[in-house]
């Protein structure tokens, strides 16, 4: 995660009332970013569920963005921060996020452009006008 993304999330929290539960997709905390990427402290007292395709630090539920094992209209807020470049089929992931989002729910997304390739576990996409 980049500093600017954490600042962006902080700014959103200050201006938009987020609904619960809050699901973060791509919540696995890589060792060199545990302090920076851990967003839980930004949501005190909120139901916050960290999700990733593998278990580990920061992960409460193992879920695949291509087929999210949650009922429709489950999530009040979805965070997908610097994660879509690691998803093989981002369009399918967005359809799934839309499916699990409650009516009036909020999705907060960021994606990298000018950032080194980083395989966690793979780096598939950069979102350009042609992509």
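Computed quantities for the displayed model
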quantity: Single match in 31, 17, 90 (criterion: more than 21 Å from residue 111 (Cα to Cα) and modelled with pLDDT under 95); calculated: 17
quantity: Residues satisfying the stated conditions in segment 43-54, i.e. within 22 Å of residue 2 (Cβ to Cβ) and not in a loop (DSSP other than H, G, I, E, B); calculated: 48, 50, 51, 52
quantity: Qualifying position, being more than 13 Å from the chain's Cα centre (by Cα), assigned to a loop (DSSP other than H, G, I, E, B) and surrounded by 13 or more Cβ atoms within 10 Å (Cβ to Cβ), among 72, 57; calculated: 57
quantity: Residue check, residue 36 at pLDDT below 95 and part of a loop (DSSP other than H, G, I, E, B); calculated: no
quantity: Test: residue 50 is farther than 23 Å from residue 17 by Cβ and touching a residue at least 12 places away in the same chain (Cβ under 8 Å); calculated: no
quantity: Residue among 45, 58, 50 that alone is in contact with a helix residue (DSSP H, G or I) (Cβ under 9 Å, 6 or more places away or on another chain) and at positive phi; calculated: 58
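Let's see how each residue does on (1) crowded, with 17+ Cβ neighbours inside 10 Å; (2) part of a loop (DSSP other than H, G, I, E, B):
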site	(1), (2)
7	no, no
17	no, yes
23	yes, no
28	yes, yes
41	no, no
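The values are calculated or read from the model by the stated rules, or taken from the named source; none is laboratory data. The model shown is predicted, which means the values in this text are computed figures rather than measured ones. Glycine gets a Cβ as well: all are built from the backbone with ideal geometry, and neighbour counts include every protein chain shown.
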